[in-house]
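The values are calculated or read from the model by the stated rules, or taken from the named source; none is laboratory data. Everything numeric in this text was worked out from a predicted model, so none of it was measured. No Cβ is skipped: glycine too gets one built from the backbone with ideal geometry, and neighbour counts run over all protein chains shown. Accessible surface areas use protein heavy atoms only, side chains included; no ligands, DNA or RNA. Shrake-Rupley method; radii C 1.70, N 1.55, O 1.52, S 1.80 Å.
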Amino acid sequence: MTKGALLKAVALSSAMTLSAATSAATLYDQPYDGSGALIASQNDTGGGNGNFATVYDNFTLGGASTVTGVSFTGGYFNPPTVGNITSFTLNFYADNAGQPGSSLATASIPGNGGESCVSTICTYSVAVNFAAAAGTQYWLSIVPDVAFPPQWGWATGSNGDGVAYQDFFGSRSRLTADLAFTLTGNAAVPEPATWALMLGGFGLAGAALRRRRTLSFA
């Protein structure tokens, strides 16, 4: 293998390693529990109630990451009829003594989030951009713009810590529940193992080139 070809192969290998380390992946997952339970979270755009209900759930990521997507499960009740969502507002909050604190980022997404329903239980997926630090607790709220009736609710999930909050007509209460959502995104920097692979690759390339040089002058 020529010097140029060898260096090109190492560069390609390193690029592929970096790409694998930074490609979008599941960062956090609280899957839908299948119970059909819904917790009201809604901005009433037609009945005059305004943003009467907001639900929050917490998450912590193991590594510094940029959250680029949120998928979640919700549905309709009171009555159980699919409504007409015109947009979603997602907020990320700092933690304040174990509950939602100050707002850190807001994403306003027009449309219905790619709503796909089986009866009145629906799945959604939206794009966001939120930089999360490692080992830090954050809170997420999801509120659709949809006229009441019906009510929209965030579906319950599993694999969390069993703590959520709801603001309902100005009164906040703690819930013993998890909500159904998945965060996807990119790691902020390559992991130590990635750097080790890259350095090892360049080391092998250097050794091979030195060997070729030695043989050339033998």
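Under 5 Å between amide hydrogens, built in the peptide plane, is the criterion, and for Gln42 it picks out Phe52, Ala53, Thr54 among residues at least 5 positions away or on other chains. Modelled spin-label separation between Val118 and Ala105, with each label point placed 7 Å from Cα along the Cα-to-Cβ direction: 3.1 nm. Applying 0.36 nm per residue to the separation of Val163 and Ala131 and subtracting their alpha-carbon distance, the gain on full extension is 9.2 nm.
A cut-off of 5 Å between modelled amide H atoms, ignoring neighbours fewer than 5 places along the same chain, links Leu61 with Gly135, Thr136. Note on Ile39: accessible area approximately 30 square angstrom, rounded to 10, probe 1.4 Å, nucleic acids and ligands left out.
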